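Reviewing the structure listed below.
The values are calculated or read from the model by the stated rules, or taken from the named source; none is laboratory data. Quick caveat, the model's predicted, so the values are computed rather than measured. Every residue, glycine as well, gets a Cβ built from its backbone with ideal geometry; the counts of neighbours run over all protein chains shown.
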Protein chains: 2
Amino acid sequence: MPDASEAVPARVQVTEVGLRDGLQNEPVLLPTEDKARLARALVAAGVRQFELTSFVSPRAVPALADAAELVSALRQIPDLHLSALVPNLRGAERALAAGVDAVVLFVSASATHNAKNVNCSIDDSLARFEQISRRLEGSGIEVRGAIATAFGCPFEGEVDVRAVGRIARHFADLGASRLSLGDTTGMATPPLVTERVRHLREVTPSLPPTLHFHNTRGIGLANVMQGLWLGVDRYESSIGGLGGCPFAPGASGNIASEDMVYLLDEMGIETGIDLEGMIEAGRLAARLMGRELPAQVTKAGPRLALGDCADVPTARG
Amino acid sequence: MPDASEAVPARVQVTEVGLRDGLQNEPVLLPTEDKARLARALVAAGVRQFELTSFVSPRAVPALADAAELVSALRQIPDLHLSALVPNLRGAERALAAGVDAVVLFVSASATHNAKNVNCSIDDSLARFEQISRRLEGSGIEVRGAIATAFGCPFEGEVDVRAVGRIARHFADLGASRLSLGDTTGMATPPLVTERVRHLREVTPSLPPTLHFHNTRGIGLANVMQGLWLGVDRYESSIGGLGGCPFAPGASGNIASEDMVYLLDEMGIETGIDLEGMIEAGRLAARLMGRELPAQVTKAGPRLALGDCADVPTARG
């Protein structure tokens, strides 16, 4: 049960991660111009925060090989906040040159996932972060932290909340401006959300968590509900539910931005984002990918968009 | 915010409606033997409450033309509770002869939907219920009530909570044992769940509501979360998310039973239903329908079912 200090927030900040976390798991390689077009549709709907790309090896993630070009294509739009993941110093140099607002330093809370993802130990990742952070000092670029497998690991199973807390403290010491808890393979549940959010509020009170859920097991928005009850006011989501899960054929990836915006709207929570505009962006995303995407409100429309219902079936209860 | 009397329940009763609400909206006509096989898979998983079919005109709903045969095929399994929708006295006679445990009397909270669905006014529907209820007196058959379009109408838009309350009072006066609020086209939202549940607790305190959500706009389980916070302990769902929405091509229908059971399990809420068994039933449902169904946990598996992850992608954050 939330206590009085854990009230549903009046306003929530939504960060769009579809162009990064969504596309990196999709088999289709979108041309930069199509990515920019999708981003502009999202901007038209009111999205301002983008986790846009990753400055990783183009061999490792070919879908994001155009990181610098994409930043450049969107950099002229005013009032956007563009962040990008960087795995190492070289990635940070590229991000700096490209002109991002923030770099996102990422590490997994489970050793096996971190080894498979970035080929080093958790402590080696944390040491890299210090190196990157020193390099960026004085550059004006914001440093953000992201913890993958923060709610469970597909290799190790449960992830101890203290492993998440330990990494969070490192990010706080580094002066990170934000900390995202990544539900990498959709293992978050409402009780785990409560446990992790409350633990982080104790160990890193200056670094309020951002929640990044996947809908792999269908309960992504139930986890958002739990986050809202706890007063968490920052969420990351992916237009259309772009993404998929590399471990489960047919399974959903990130929660769909438009479904989350619909939920927040209906709860009277301000996002600055227009649902109709998001539905248009979601439809564009489906056309560009050439497939139906998981987002639901994009197919059904807003609840009061009354359609042509002349062929209503009968006696259905 | 829930007050102290609205605590998350320790135990929830799940009623499986896939064979009724699910199949009536599916284009595939399942043979009775396949329906019975799916029901037996659900029984093996621990499901005991089935809304199994409707005794409606076979011309109006061909998918449910085998209502009596299906009841008969499952009647020999011990400890099952089998209910069926009946639109009129003739349907009630057929249900009685078939040997159901309960009939479900249904009416829409919006006049237009009721007229299109059962071709009469709401008051005419309520008058029919009295006739049916008198006919069933002394038969030992339980009478249940269901209110369609209880959270909104695809023709009229918003549905006043007092329209729902008025019908609920009729069901209470009739001696109905249960009242289900149907989210017929997926228009329920967390604030509407709160408003309706609290209103019904005032006007019909003896008739605790059952919640029946559709996932048409992706927030079905967010609405379940809201119901749980309010202390509601009865939910209706459909295996695999069978159903679809007659108004929105590609849109989801009922919330998926296995995704809901997964959520309840992870929240420590007892259902008496085994998730692995539900996933097996969900896979059977997909095979029988010959298509992928919306349920997510069926594709991804339980969160700690660690798979073969040798091909983990790299540097993905």
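Just to be sure I understand, how many residues within the range B:20-47 are surrounded by fewer than 18 Cβ atoms within 10 Å (Cβ to Cβ) and farther than 20 Å from B:His214 by Cβ?
Of the residues in the range B:20-47, 9 are surrounded by fewer than 18 Cβ atoms within 10 Å (Cβ to Cβ) and farther than 20 Å from B:His214 by Cβ.
Can you name the condition, by its number, that B:Pro78 falls short on among (1) free of Cβ contacts under 8 Å to residues at least 24 places away in the same chain; (2) touching a Phe, Trp or Tyr at 6+ places or on another chain (Cβ under 7 Å)?
Answer for B:Pro78: the failing condition is (2).
Given the criteria of a type in the set (Phe, Trp, Tyr), touching a residue at least 12 places away in the same chain (Cβ under 8 Å), buried (at least 23 other Cβ atoms within 10 Å of the Cβ) and within 23 Å of B:Ala65 (Cβ to Cβ), does B:Phe106 qualify?
Against the criterion (of a type in the set (Phe, Trp, Tyr), touching a residue at least 12 places away in the same chain (Cβ under 8 Å), buried (at least 23 other Cβ atoms within 10 Å of the Cβ) and within 23 Å of B:Ala65 (Cβ to Cβ)), B:Phe106 qualifies.
Kindly evaluate B:Ala150 against the criterion of being in contact with a helix residue (DSSP H, G or I) (Cβ under 6 Å, 6 or more places away or on another chain) and within 14 Å of chain A (Cβ to nearest Cβ).
On the way: in contact with a helix residue (DSSP H, G or I) (Cβ under 6 Å, 6 or more places away or on another chain): yes; within 14 Å of chain A (Cβ to nearest Cβ): yes.
Judged against the criteria, B:Ala150 is a match.
May I ask you to say which residue of A:Glu137, A:Glu142, A:Glu69, A:Glu158 is of a type in the set (D, E, K, R) and either under 17 Å from A:Leu179 (Cβ atoms) or buried (at least 23 other Cβ atoms within 10 Å of the Cβ) (or both)?
After applying the criteria, what remains is A:Glu142.
Residues in the range B:112-147 that are among the hydrophobic types (A, V, I, L, M, F, W, C), outside any helix (DSSP H, G or I), under 21 Å from the mean Cα position of the chain (by Cα) and within 14 Å of chain A (Cβ to nearest Cβ): how many?
2
Just to be sure I understand the filter: pairs with C-beta atoms under 7 Å, separated by 6 or more residues or on different chains, first member in the range A:150-175 and assigned to a strand (DSSP E or B), second member crowded, with 19+ Cβ neighbours inside 10 Å and among the β-branched types (Val, Ile, Thr). Which pairs pass?
Here the result reads A:Ala150/A:Val159; A:Ala150/A:Val164; A:Gly152/A:Val159; A:Cys153/A:Val159, each pair linking the range A:150-175 to a residue that is crowded, with 19+ Cβ neighbours inside 10 Å and among the β-branched types (Val, Ile, Thr).
Can you name the residue in the range A:265-285 that is assigned to a helix (DSSP H, G or I) and facing chain B (nearest Cβ under 10 Å) and is also farthest from the chain's Cα centre (by Cα) among such residues?
The selected residue is A:Glu266.
Looking at A:Ile219, is it at pLDDT 95 or above, within 9 Å of another protein chain (Cβ to nearest Cβ) and crowded, with 24+ Cβ neighbours inside 10 Å? Steps first, answer last, please.
Numbers: at pLDDT 95 or above: yes; within 9 Å of another protein chain (Cβ to nearest Cβ): yes; crowded, with 24+ Cβ neighbours inside 10 Å: yes.
Against the criterion (at pLDDT 95 or above, within 9 Å of another protein chain (Cβ to nearest Cβ) and crowded, with 24+ Cβ neighbours inside 10 Å), A:Ile219 qualifies.
Would you say A:Leu38 is closer than 13 Å to A:Leu85 by Cα and among the aliphatic types (A, V, I, L, M)?
So A:Leu38 fails the test.
Assess whether B:Arg196 counts as being crowded, with 24+ Cβ neighbours inside 10 Å, basic (Lys, Arg) and at pLDDT 95 or above.
The answer is yes for B:Arg196.
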